[in-house]
Amino acid sequence: GAGVSQTPSNKVTEKGKYVELRCDPISGHTALYWYRQSLGQGPEFLIYFQGTGAADDSGLPNDRFFAVRPEGSVSTLKIQRTERGDSAVYLCASSPAGLGGWGANVLTFGAGSRLTVL
Amino acid sequence: DAKTTQPPSMDCAEGRAANLPCNHSTISGNEYVYWYRQIHSQGPQYIIHGLKNNETNEMASLIITEDRKSSTLILPHATLRDTAVYYCIVRDPTGANSKLTFGKGITLSVRP
């Protein structure tokens with residue numbers, strides 16, 4: 001598609017459950033980013049992929065969070081043993097270049113996946 | 001690592017120019033100024049970026065002071081659809097780490 005697609009748009013789960021959030025970036029974009037946004041706050045960086053590899057995962061809050069991008073296109077953010085504090089909007093973005101370069105900071109964001117942990 | 005400072009909110013009348021300030025007094029020589037905005041329930045949207053010269057595109061103009069310690073995003077004729085949170089971000093686009101670091105931004109309310 002023309003933009004970044006994220007599914008599901010809304011997910012309600014119970015504390016302790018496992019959740020997967022999917023991101024389809026713009027075709028040909030090599031860089032992919034995951035952010036988390038809590039109410040009233042700006043997006044908070046989680047992880048950045050350049051191709052298939054995680055170039056920077058310094059924003060992942062703990063080992064319950066994991067993300068993959070096995071073929072360098074679609075990415076999945078995985079959250080184990082969800083907690084109420086994980087409730088947020090999870091945003092995915094892609095850009096045509098990474099590791100520096102002019103396109104590196106012109107990110108196109110998806111609409112986000114709203115996660116609610118009861 | 002908040003490198004920019006923005007007022008929390010401002011408003012303007014529809015059809016008037018909206019001037020959104022940003023302070024980035026510690027900006028380094030290789031860092032550009034980027035502006036994104038986020039309309040309610042949507043992801044952030046790129047607006048414009050610049051290094052030291054003023055920039056203009058179909059969405060907005062960016063005015064950067066000569067010492068580069070502050071800038072102003074100008075929406076020349078604000079509409080109700082411009083109501084959003086506007087983020088000012090500084091980043092070196094050639095750096096090895098490409099992530100953008102968002103602050104809280106400034107909430108612009110355009111009134112009829």
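Where a number appears in this text, it was derived from the coordinates with a stated rule and is not lab data. Computed from a prediction, not measured in an experiment: that's the story for all the values here. Glycine gets a Cβ as well: all are built from the backbone with ideal geometry, and neighbour counts include every protein chain shown.
Note on the protein assembly as shown: Lys pairs 8 or more places apart or on different chains, Cα atoms under 21 Å apart, count 10. Counting Lys and Arg as +1 and Asp and Glu as -1 over every other residue whose Cβ lies under 15 Å from the Cβ of A:Lys17, the net charge comes to +2. Between A:Arg22 and A:Asn62, the C-beta separation translates, for a Förster distance of 25 Å, into a calculated FRET efficiency of about 0.75. Ordering A:Ser113, A:Ser94, B:Ala84 by the projection of their Cα atoms onto the charge dipole of the protein assembly as shown, which places +1 on the Cβ of Lys and Arg and -1 on the Cβ of Asp and Glu, puts A:Ser113 at the extreme positive end. Karplus-based coupling profile of region A:106-115, in residue order and whole Hz: 9, 8, 10, 9, x, 7, x, 10, 8, 9, with θ = phi - 60° in 6.51 cos²θ - 1.76 cosθ + 1.60 and x standing for Gly or Pro. For chain A, the Stokes-Einstein estimate of translational diffusion at 25 °C and a viscosity of 0.890 mPa s comes to 174 µm²/s, using the Kirkwood hydrodynamic radius over alpha-carbon pairs.
Using only side-chain charges placed at the Cβ, +1 for Lys and Arg and -1 for Asp and Glu, the dipole size of the protein assembly as shown relative to its Cα centre rounds to 500 debye.
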